[in-house]
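All remarks here apply to the structure that follows.
The values are calculated or read from the model by the stated rules, or taken from the named source; none is laboratory data. In this text, all values refer to a predicted model and were calculated from it rather than measured experimentally. All Cβ positions, glycine included, derive from the backbone under ideal geometry; neighbour counts span all protein chains shown. Accessible surface is based on the protein model in full, side chains and every heavy atom, while ligands, DNA and RNA are left aside. Shrake-Rupley method; radii C 1.70, N 1.55, O 1.52, S 1.80 Å.
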Amino acid sequence: MTGRRLLLAASTAIGVIAAFLVAVATLAPEGSSAAPSVPAEDSADVGFARDMAVHHQQAVEMSFLVRDRTQDEDVRLLAFDIINTQANQRGMMLGWLDLWDMPKSTSTPMTWMPGHAGMTGGAGEGGLAAMPGMATDEQLDELRAAEGRESEVLFLQLMIEHHRGGVEMAQAAAAEAGTEEVDRLATGIVEAQEAEIGLMRDMLAERGA
């Protein structure tokens, strides 16, 4: 139990520190006339910031859902960690889009990521199924209807897939990024979410799932 809590606390701390470092990296030194680099609209930097903000929003939504449907301390702590870390990162990415004077939404998500250009989502999902790991509307409805252990298992299963998709997107962004802030955040997401995937697998095994 103690080790799990330490891992989750460390994950939250890493997210906060990464947010601070990335925010600092976007600013020009005091007294400098140099402007921050502004990536092109079709760049991996802009595409990743825009699409990962959407991806993170769903993770936050699922975490709020399970938090209200179980009294299990470990699951609630994990949900709390995801809510805080990913909401902070999402706000940071939307802030970058503001600084870059770029739209926060697009009708063609994932065109920046090799292998996903041109993919579209199912009906009613606005093309979002092109994003790896995204839960469907039906799966979210199942989570809303679940309670107790059933909600814990479903949440962990959905979030493992969600994190796998997030890792895939972040790895592609780190490889293609033209800005230091996107490279740094994407690398941090890979490390943190791979660690949480291992934790969630253990939690599923404890529940016989």
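Yes/no per residue for (1) under 15 Å from residue 79 (Cα atoms); (2) at pLDDT 95 or above:
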| site | (1), (2) |
| --- | --- |
| 150 | no, yes |
| 154 | yes, yes |
| 158 | yes, yes |
| 179 | no, yes |
| 183 | no, yes |
| 193 | yes, yes |
| 202 | no, yes |
| 209 | no, no |
| field | Residue ID - modelled with the highest pLDDT, chosen from residues in segment 83-110 that are of a type in the set (A, V, I, L, M, F, W, C) and within 20 Å of residue 132 (Cβ to Cβ) | value | 93
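Can you tell me which of 133, 166 is in a loop (DSSP other than H, G, I, E, B), closer than 15 Å to residue 54 by Cα and modelled with pLDDT of 95 or more? Let's see the steps before the verdict.
Values: 166 fails: in a loop (DSSP other than H, G, I, E, B).
Only one candidate passes the filter, namely 133.
If we keep just the residues of segment 28-65 that are charged (D, E, K, R) and either over 16 Å from residue 169 (Cα atoms) or assigned to a helix (DSSP H, G or I) (or both), which is modelled with the lowest pLDDT?
Residues of segment 28-65 charged (D, E, K, R): 30, 41-42, 45, 50-51, 61.
Then keep just the ones that are either over 16 Å from residue 169 (Cα atoms) or assigned to a helix (DSSP H, G or I) (or both); that gives 30, 41, 45, 50-51, 61.
Working: 30: 46, 41: 94, 45: 98, 50: 97, 51: 97, 61: 98.
Looking at residues that are charged (D, E, K, R) and either over 16 Å from residue 169 (Cα atoms) or assigned to a helix (DSSP H, G or I) (or both), I get 30.
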| task | Kindly indicate whether any position in segment 145-163 is open to solvent by 60 Å² or more (accessible area, probe 1.4 Å), within 21 Å of residue 209 (Cα to Cα) and within 11 Å of the chain's Cα centre (by Cα). | result | no
| said: Looking at segment 98-114, I want the residues that are on the phi < 0 side of the Ramachandran plot and have a partner that is among the hydroxyl-bearing types (Ser, Thr, Tyr) and open to solvent by less than 90 Å² (accessible area, probe 1.4 Å) with Cβ atoms under 8 Å, at least 6 apart or on another chain. Which pairs are those? | reply: 99/26; 112/43
